[in-house]
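The values are calculated or read from the model by the stated rules, or taken from the named source; none is laboratory data. What you see is a predicted model; the values in this text were computed from it and never measured. FYI the Cβ positions are ideal-geometry reconstructions off the backbone, even for glycines, and counts take in every protein chain you see.
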Amino acid sequence: MKYRIYIDEVGNPDLDSSENPNHQFLSLTGVIIELEYAAKTLHPQMEALKQRYFNVHPDEPIIFHRKEMVNYKPPFEALADNTVREAFDNDLLRLMREWHYTVISVCMDKKKHKETYTVWRFDPYHYCLAVLLERFMFFLKRKSACGDAMAESRGGKEDRRLKDSFERLWQNGTDYVAPDEFQKYLTSKQLKVKTKANNIAGLQLCDLIAHSSRNEILREQGIPTARVLPFGEKVINILQDKYDREGQRCFGKKFI
């Protein structure tokens, strides 16, 4: 079986912005999905949900994006109607509960990292990605499977940074995963990067849960966060059954 981890970031990876409380934390969330399941179940069911509630045309696919949906921005104006929004939320939450996927989230306190390592520091994105991919390796090893990784495009320089960081991990490994382990379980040394326009269901699902997962981790650390909306609380509840686990051990959440 082949799995793909779809990656979304919440926050600013710039270490110099860590003194600003609004930019102190960076999180990477990965949603692991078996590729055949993504094609035959996740994507068609997500498209059917869009068709049910929004004005969808194949030439202009609708892309789920949490920020636009929360603010009822086009093409999600229909969600401004309380009755429509309640029905849509119920259907989406039901699917998020039923879909087969595994979640790993890594959240970094950039301010603490900057204060701890005054001379030499990790790039925040690379550090988070290393921890995320280590756990993805452990997942693949337990499944005796292989996989690859995909992230949403952020633009020219940002995309290059993402790809370079991924390739360094594939070539050099980490303190906990040797290079040959990465090369054994990852089918490509290149991170796949796709834009929103590609209508990738796995990236959209990751976008819908990443913010809630980050807020949950911060709350567990006793760190004040912005108010979590009722929908976000329901997502957090669903995630308890989606985080990567082995027995009583949870590998799906990490604060660094």
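Taking first residues from segment 182-195 that are in a loop (DSSP other than H, G, I, E, B) and partners that are among the hydroxyl-bearing types (Ser, Thr, Tyr) and surrounded by 14 or more Cβ atoms within 10 Å (Cβ to Cβ), the Cβ contacts under 9 Å between residues at least 6 apart in sequence or on separate chains come to Leu191/Ser165; Thr195/Ser153.
Checked against (1) more than 26 Å from Gly252 (Cβ to Cβ); (2) touching a residue at least 60 places away in the same chain (Cβ under 8 Å); (3) outside any helix (DSSP H, G or I), Asn55 passes all but a single condition, namely (2). Checking Ala78 against (1) modelled with pLDDT of 95 or more; (2) over 29 Å from Ile217 (Cα atoms); (3) not in a helix (DSSP H, G or I): exactly one of these is not met. Which one? With (1) modelled with pLDDT of 95 or more; (2) over 29 Å from Ile217 (Cα atoms); (3) not in a helix (DSSP H, G or I) applied to Ala78, the lone miss is (3). Scan segment 212-225 for residues that are part of a loop (DSSP other than H, G, I, E, B) and not small (Gly, Ala, Ser) and the total you get is 4.
Among the conditions (1) closer than 26 Å to Glu216 by Cα; (2) at pLDDT 95 or above; (3) hydroxyl-bearing (Ser, Thr, Tyr), the only one that Thr83 does not satisfy is (1).
Only one of the numbered conditions (1) farther than 24 Å from Leu95 by Cβ; (2) in contact (Cβ under 8 Å) with a residue 12 or more places away in the chain; (3) assigned to a loop (DSSP other than H, G, I, E, B) is not met by Val228, and that is (1).
Could you check segment 136-149 and list, in sequence order, the residues that are out of contact with any helix residue (DSSP H, G or I) (no Cβ under 7 Å at 6 or more places or on another chain) and either acidic (Asp, Glu) or closer than 17 Å to Thr29 by Cβ (or both)?
Residues satisfying the conditions are Phe136, Phe138, Phe139, Asp148.
Scanning segment 94-114 for residues that are under 22 Å from the mean Cα position of the chain (by Cα), within 26 Å of Gln221 (Cα to Cα) and surrounded by fewer than 16 Cβ atoms within 10 Å (Cβ to Cβ) gives a single hit, Arg97. For segment 168-176, the condition of being acidic (Asp, Glu), modelled with pLDDT of 95 or more and either outside any helix (DSSP H, G or I) or surrounded by fewer than 19 Cβ atoms within 10 Å (Cβ to Cβ) (or both) holds for none of the residues. The set of residues in segment 57-71 that are under 24 Å from Val228 (Cβ atoms), surrounded by 14 or more Cβ atoms within 10 Å (Cβ to Cβ) and of a type outside the set (Lys, Arg) comprises Ile63, Phe64, His65, Glu68, Met69, Val70. Scanning segment 171-186 for residues that are farther than 16 Å from Gly30 by Cβ and not basic (Lys, Arg) gives Gln171, Asn172, Gly173, Asp175, Tyr176, Ala178, Pro179, Asp180, Glu181, Gln183. Just wondering, is there one or more residues in segment 117-137 that are touching a residue at least 12 places away in the same chain (Cβ under 8 Å), acidic (Asp, Glu), within 20 Å of Ile32 (Cβ to Cβ) and in a helix (DSSP H, G or I)? Looking through segment 117-137, at least one residue is touching a residue at least 12 places away in the same chain (Cβ under 8 Å), acidic (Asp, Glu), within 20 Å of Ile32 (Cβ to Cβ) and in a helix (DSSP H, G or I).
When Ala145 is tested against (1) within 30 Å of Asn172 (Cα to Cα); (2) in contact (Cβ under 8 Å) with a residue 24 or more places away in the chain; (3) surrounded by 15 or more Cβ atoms within 10 Å (Cβ to Cβ), only condition (3) is not met.
For segment 9-24, a residue qualifies if it is at pLDDT 90 or above and either over 14 Å from Met108 (Cα atoms) or in contact with a Lys or Arg (Cβ under 7 Å, 6 or more places away or on another chain) (or both), and the qualifying residues are Val10, Gln24.
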